[in-house]
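Worksheet: one structure, shown below.
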Amino acid sequence: MMLVRLSKSELHRATTLGRDTTAICRMQNTTPRGEEGRNDSDIDGARAEFAVAKLYGLEPPTLNVAGDEGCDLWFGQVSIDVKFTRTSALIFDNLHKFRADVAVLVEPHGDQPERMTVVGWSTRDHFKDHSVVKQMKYGEKLVMDREHLKSPESLWRAVRGREVSSE
């Protein structure tokens, strides 16, 4: 796990992005998980995306009016779906929803909004092999416990290693 501290500027941009996302969803009348907590969950998701971008030195996330197709960030040629959790598990509605090359799990670190913990990551195949179906608040989901996640450092090594290989 890696602790990431967002700067005041990053926290402000994440909060603004989360609020903008909520506003766009309301304008489009799309509330996939219901309206309850919509604004807070969008801000949490944006904070998580900023934390992953900061950890790996990536371009920060941007507002996507038409959706992001399951890809929040790019790390070289690797697409990343950032997942924020308060349950300590990586969760997808189904395997089809895991569209990016990897998913990175992030959770809050204490009650300070600028502190985020990047827990780990998984490829789609690894997730498929280690997830189980569980009944959740919004129906059945595929859930993988954090113990099966790969370390945040290993994602950096995997991506950068591919970029600088001797082949």
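The values are calculated or read from the model by the stated rules, or taken from the named source; none is laboratory data. All figures in this text were calculated on a predicted structure; none of them were measured in a lab. Counting neighbours? That spans all protein chains shown, and the Cβs are built from the backbone with ideal geometry, glycine included. What goes into the accessible areas is simple: the full protein's heavy atoms, side chains included, and nothing from ligands, DNA or RNA. Shrake-Rupley method; radii C 1.70, N 1.55, O 1.52, S 1.80 Å.
Would you check if ALA158 is at pLDDT below 95 and either within 12 Å of the chain's Cα centre (by Cα) or at negative phi (or both)?
In short, yes.
If you check LYS128, LYS83, LYS134, which single one turns out to be part of a strand (DSSP E or B), charged (D, E, K, R), open to solvent by 40 Å² or more (accessible area, probe 1.4 Å) and farther than 19 Å from ARG47 by Cβ? Step through it out loud before you land on a result.
On the way: LYS128 fails: part of a strand (DSSP E or B); LYS83 fails: farther than 19 Å from ARG47 by Cβ.
Exactly one of LYS128, LYS83, LYS134 is part of a strand (DSSP E or B), charged (D, E, K, R), open to solvent by 40 Å² or more (accessible area, probe 1.4 Å) and farther than 19 Å from ARG47 by Cβ, namely LYS134.
Which residues, counting only those in segment 70-80, are in a strand (DSSP E or B) and open to solvent by less than 30 Å² (accessible area, probe 1.4 Å)?
LEU73, PHE75, VAL78, SER79, ILE80
In the list ARG115, ARG157, ARG99, which residue meets the criterion of being open to solvent by 60 Å² or more (accessible area, probe 1.4 Å) and more than 20 Å from GLY70 (Cα to Cα)?
Exactly one residue qualifies, and that residue is ARG157.
Name the pairs: first residue in segment 2-16 and over 11 Å from VAL52 (Cα atoms), second residue basic (Lys, Arg) and surrounded by 19 or more Cβ atoms within 10 Å (Cβ to Cβ), Cβ to Cβ under 8 Å, at least 6 apart or on different chains?
Listed by first residue and then by second, the contacts come to LEU11/ARG47; ALA14/ARG47; THR15/ARG47.
Going by the structure shown, is LEU58 under 26 Å from SER7 (Cα atoms), open to solvent by less than 50 Å² (accessible area, probe 1.4 Å) and either free of Cβ contacts under 8 Å to residues at least 40 places away in the same chain or more than 13 Å from the chain's Cα centre (by Cα) (or both)?
yes
Consider segment 86-114. How many of its residues are assigned to a strand (DSSP E or B) and in contact with a helix residue (DSSP H, G or I) (Cβ under 9 Å, 6 or more places away or on another chain)?
We begin by selecting, within segment 86-114, every residue assigned to a strand (DSSP E or B); these are 89-92, 102-108.
Now drop any that are not in contact with a helix residue (DSSP H, G or I) (Cβ under 9 Å, 6 or more places away or on another chain), which leaves 89-90, 92, 102-108.
Residues meeting the conditions: 10.
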